[in-house]
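Note sheet for the following structure.
No value in this document is a laboratory result; all are computed from the given coordinates. Keep in mind that this is a model prediction, so the values were computed, not measured. Using ideal geometry, Cβ is built from the backbone for each residue, glycine included, and neighbour counts are taken over all protein chains shown.
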Amino acid sequence: MHIGNARSSYQADEVMWKRPAHKGAMLLIILSLLILPFWVGPYHLMLMSQLGIFVIAIAGLNILTGYTGLISLGQGAFMGIGAYTTAVLATGYGFPPWATFPLSIIMTALIGIGFGLPSLRVRGLYLTIATLAANVIIVFAIRKLEWLTNGDRGINIEPAILFGFSIESELEKYFVIAPLALLFVLFSQNLFRTKIGRAFIAIREQDYSAEIMGISLIRYKLTAFAIGSAYAGAAGSLWAYFFTALTPNQFNLSQSILFLAALIIGGMGTTLGPLFGAVFVILVPETLRAIAGLITPYYPLALQATAPITEIIYGLLIIGFLIFEPMGLSAIWARIWRYIDRWPFTR
Amino acid sequence: MNELLYIVEDSLTGLLTGGIYALMAVGMVLVFKATRVVNFAHGTIMMVGTYFFFSFSLLVQQLGLSFWVSVPLALLSTGLLGMFLERVLMRPLLGQSVFSMIMVTVALISVLEGLTILIWTSDAQYPPGLFPLQISFIWEAAVNMQLFWGFVIGLSLFVLISIVLFLTRIGVALRATASDQATAYSMGINVPGVFGMTWMVAAMTGCLAGILLAPLNSLTPSLGHLGLSVLAVIILGGLDSLLGTLIAALLIGWLEAMTGHFLGGDYREVMPYIVVLLIIVIRPYGLFGSKEVERI
Amino acid sequence: MTNRSRRDFLIKTTGAAGAAALGSFGFPAIVQAQAKEWVIGASLPLTGPFATAGQLGMPGIIDFIAMTNDSGGIGGKKIRGILEDSGYVAIKALANFKKALAEAPDLACYFGDSTGFMKLVAPELNSRYKIMTGSTSFASELANPSTNPYQYVSGPTYQDMFGILLQHVADKGGKRLAFVYSDTEFGKDPIAYGRQRAKELGIELVHEEITKASGAEVQSHVAQLRRADPDFILMHGYVTGVWPAIIATARAFGMKSQFLGTFWAMEKVIADKISAKVGDALNGYMGVLPYRYFYDRKEAPAYQELDAWNKANNEKYPGYLVTWYLQVRMTMNLWKKAMEITIEADKPVNGDNLMTSLASIKDWDSGGFFGNPVSVVSNKIPQGRVYAYNTENKLFLPKSDWIQV
């Protein structure tokens, strides 16, 4: 039982910063996002940029799955659509980044709406598998449309040029991706203070009841798909400029599964869930590899064993979370805050 | 004239392949029926079962016995593995959202694959085939006897499982659990026991499918990925209908063969997914699935 | 298990380090001015679909480091390896690459795990990192100094292999040819070239069958092949799976076609395992290998050295090293050669100089890996030999002389 909720008005319930400390924490995070990159090396910068891209994609999935309850295993492929839209427009037609980025978002949102249509008829497991099928079909289409996408051979993209600067080094990429990631997360936080966001939550809780209350399921479910996919499109566009080379299999099912797993670990339906989840799926394999790296210099063939052991531990951690902390890392985070709030009246 | 013969031949092959799909899918359907969980790791369990078979076949060979002895041994150990997984991973999640249970099965894939690489390494292995690779002719159409026997085994297993489901106490318990867990509990049915049993039987069918599949492919830790391709079958069949799954399996097998025939081999793997998407849009609960009742 | 015991190698390394420290005085000044050790990085597919090749190939690079260090390193400096698993996922390999760079910014060489990685890394390699990069790939477009100036191929490309095989088909008077390849970038790489080359040679390409890279419905594919009734069937894009099953099934069908293959699908260990199961179906299976097989080491001092070293250091050494191991080793040997040329010329060790040195390799005695002295032409070594598998003595036996493409 969560006690200690002393809010007495709706305004108080929907304020963005529930505690002054939240504002402080936010400032601290932004500050560290500004300072940290100058302190870490290029490899960790790369990881942080990758983290930013993941956060955007997972935040989109969070809107779709966490808030609206439409479980999707297609986020990876939608990201692929965004990435390929950017790549084709940039290399084939010479579009600059400020054009490819929004166009990728629009394109992905439109295709997302198309693949969201089954959600009007089915939900739960069936929808999950419909999106899974969508993922396979989209990746297959990207591979087969060779005249457009160059098929399995992949596309190379020139670095993005913004305000006359060529975005090439890890640091430059980071300073493009990190603010965008922050922006997209803030947007999703804000979305759930609006009518649309609340409609999403109502649909998640019980879609028939929501419809009876006057929420148009067609409109809002498709809107959820559009927004969720738009996030994927944004992530994909950044992905294209970040990796500068695309092949279709970067976006296959395992990418979608990774995103969904990250969201669950982070905590579905919470603002910080995507961030926690992305940190988890990037940092944990990294940490495991670092531990393995302590052995391999002395005993190189140990790598043959450490690689599968890393896989095992990764899988076990996910299972452990699902069994022992099903609400994800956000729940732990919330518990910490509750503890601080009620101190000294906490056990 | 030849073209017609070719279509018949390919159709036959497709239908026979469908029999093996049915065998791969039946375990997933059973688990879904009892627990409402789609076991994404079913293919991986199948792969591990095949490795059991491979190891036992080496062992019995050393003891001078026929490799047929290793089949029941492999089935038994895979069954125990299934039961163990249910007890350790699924049981604690009872009452949680079905969704977390599904994600556990997804995570299980990396755990089992990693363990397999540690134990057996990832070298490709070629376990003995239960049936020799041999081609027979039905009229003019060539038939691979390995596929044929796989089909026969798959079909008989379906009949066997249906008999058990509809005529035995265990079957009644499973069906009762499937239709209403709470009531089943209150009627004194050992629901967790049913779950464990289902996982065991499902794992055993998976192992059998793997043993039949391995001679057609090589045995590597990624054999399990084939399991994902039968998702289309179980969706088309309606997830919880045995008869539906059988028909869907044959249909998908045949459709894949026809795709290969008319469009080329590269379109085969995407075909089932297109079917799934269409089915979900047109007939969401599959061919024979029971429509879920919504209570508001 | 593939794990092997190498603890004693550590002790030797430390001993050799002392010797090397003394020896280093004799080397050109510029080498001594650079780093204390050479760092090479590698991504290998130790998990995932091609794990078999990755796991068996990895000792190739580890042994290379140990053996080179045993004999005093390169230019008097030791080699240190940063090895990682990629799971055959290109972006993981790219992350590994950047991680290695973060650890050692003056990385002397990188070994990639796939064509996918090589393409992914190429843009940044060209514009920023400029590191000599070899890989498991023989993809044709990697052997192009103008677009991929820092990448090299340790043998002929897949196109070259196709060229050799198609020439063989033409010489044998083959009229009807079929391609079977996996629906991957690896599988499709030489196909367009193969079509064109077959046309030039006047061979009719009667069928193309595209399959999954693993777990393919072999039966259906073979049925299609049987109808096309080719004299020769050229397979490409497989490692351990599919190709043996296709041959075995085709033989069961009574097909008499000659099967041809390329490097990754020509491992004796796999052919032996298959033959133990299906009898002599694989008899006569033919393909191009850039190198000698390891059992053919009479005229190959480098192989004898490998053999002796493994006997001394590896308890579980079965007396045979797989072709995948040899491929990894050859890739490293080429880098070593390029290093030696660069150091000899007293030039700083960097990607540009190394690649220039690599390109300058002429009539080099590879110690028997290749049958004839080899030269690097557009970042590849266009030499190979046709072998055919013989089920009686379980060997791939040469069917041609060493062919220069």
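Mean-square fluctuations from a GNM of chain A, with a 10 angstrom spring cutoff on Cα atoms, peak among A:65, A:296, A:128 at A:296.
Taking a ≥ b ≥ c as the square roots of the eigenvalues of the alpha carbon gyration tensor, segment A:154-259 is prolate, as a/c is not under 1.5 and a/b beats b/c. Our summary gives segment B:2-282 a relative contact order of 39 percent, counting only alpha carbon pairs under 8 angstrom and 6 or more residues apart. What separates the Cα centres of segment C:192-209 and segment C:39-113 is a distance of 38 Å. The Cα trace of segment C:286-355 gives Rg and Dmax of 15.2, 45 Å, the first to one decimal, the second as a whole number. A quarter of the convex hull surface defined by the alpha-carbon atoms of segment B:2-282 gives 16.2 nm² as the mean projection. Derived scalar couplings between HN and Hα for segment A:303-315 equal 4, 4, 9, 5, 4, x, 5, 4, 4, 4, 5, 4, x Hz in order, rounded to whole Hz, by the Karplus curve 6.51 cos²θ - 1.76 cosθ + 1.60 (θ = phi - 60°), x for Gly and Pro. Rounded, prolate or oblate: pick one for segment A:210-345, where a ≥ b ≥ c are the square roots of the eigenvalues of its C-alpha gyration tensor, a/c under 1.5 means rounded, and failing that, prolate if a/b is larger than b/c, else oblate. The shape class here is oblate. Starting from the 7 Å offset along Cα-to-Cβ, what nm value, one decimal, do you get for the label separation of residue C:229 and residue B:96? Label-label distance for residue C:229 and residue B:96, simple model: 6.1 nm. Toward the positive end of the charge dipole of segment A:83-171, with +1 on the Cβ of Lys and Arg and -1 on the Cβ of Asp and Glu, the farthest Cα among A:87, A:151, A:122 is that of A:122.
Across segment B:170-190, no residue has a backbone nitrogen under 15 Å from the label position 7 Å along the beta-carbon direction of residue A:208. Note on residue C:195 and residue C:317: with the Förster distance fixed at 41 Å, the Cβ-Cβ geometry gives a FRET efficiency of about 0.40. Seen from all directions on average, chain A presents a Cα convex hull projection of 20.5 nm².
Counting only other chains, and only Cβ atoms inside 10 Å, what mean value do you get across the residues of A:136-148?
That works out to 3 on average.
Mind checking the mean number of beta-carbon atoms from other chains within 10 Å of the Cβ atoms in B:274-285?
Mean partner-chain Cβ count within 10 Å for B:274-285: 5.
Take the alpha carbon atoms of segment A:264-339, find their center, do the same for segment A:55-124, and report the distance between the two centers in whole angstrom. Cα centres, segment A:264-339 to segment A:55-124: 26 Å.
With a simple spin-label model that places each label point 7 Å from the Cα along the Cα-to-Cβ direction, the separation between residue A:10 and residue A:216 comes to 2.2 nm.
FRET efficiency for the residue A:334 to residue C:130 pair, using the beta carbon distance and R₀ = 41 Å, is estimated at 0.25.
When the Cα positions of B:242, A:246, A:137 are compared along the charge dipole of the protein assembly as shown, B:242 comes out farthest toward the positive end, with charges on each C-beta of Lys, Arg, Asp and Glu. Three principal axis extents of chain C based on alpha-carbon atoms, in descending order, are 68, 45, 37 Å.
Largest GNM mean-square fluctuation across B:156, B:186, B:55, computed for chain B with C-alpha springs under 10 Å, falls on B:186. Among B:172, B:31, B:194, the largest mean-square fluctuation in a Gaussian network model of chain B (Cα springs under 10 Å) belongs to B:172.
Taken as Cα centroids, segment C:141-170 and segment B:1-65 sit 39 Å apart, rounded to the nearest whole angstrom. Phi-derived couplings, Karplus 6.51 cos²θ - 1.76 cosθ + 1.60 at θ = phi - 60°, listed residue by residue for segment B:279-285: 4, 5, 6, 8, 9, x, 9 Hz, with x used for Gly and Pro.
Built from the Cα atoms of segment A:10-112, the convex hull projects on average onto 9.7 nm², one quarter of its surface area.
How much of the calculated P(r) for segment A:171-210 lies past 14 Å, in percent of all Cα pairs? Cα-Cα pairs of segment A:171-210 separated by over 14 Å account for 59 percent. The C-alpha atoms of the protein assembly as shown occupy a region whose extents along the principal axes are 85, 75, 56 Å, arranged from largest to smallest. Filter A:144/C:199; C:36/C:92; C:130/C:337; C:175/C:256; C:268/C:380 down to the pairs with a C-alpha to C-alpha distance above 21 Å, please. Too far apart for the 21 Å limit: A:144/C:199; C:36/C:92; C:268/C:380.
Is segment B:1-74 rounded, prolate or oblate when judged by the Cα gyration tensor, a ≥ b ≥ c being the square roots of its eigenvalues, rounded requiring a/c under 1.5 and prolate requiring a/b larger than b/c?
Oblate shape, in that a/c is at least 1.5 and b/c is the bigger or equal ratio.
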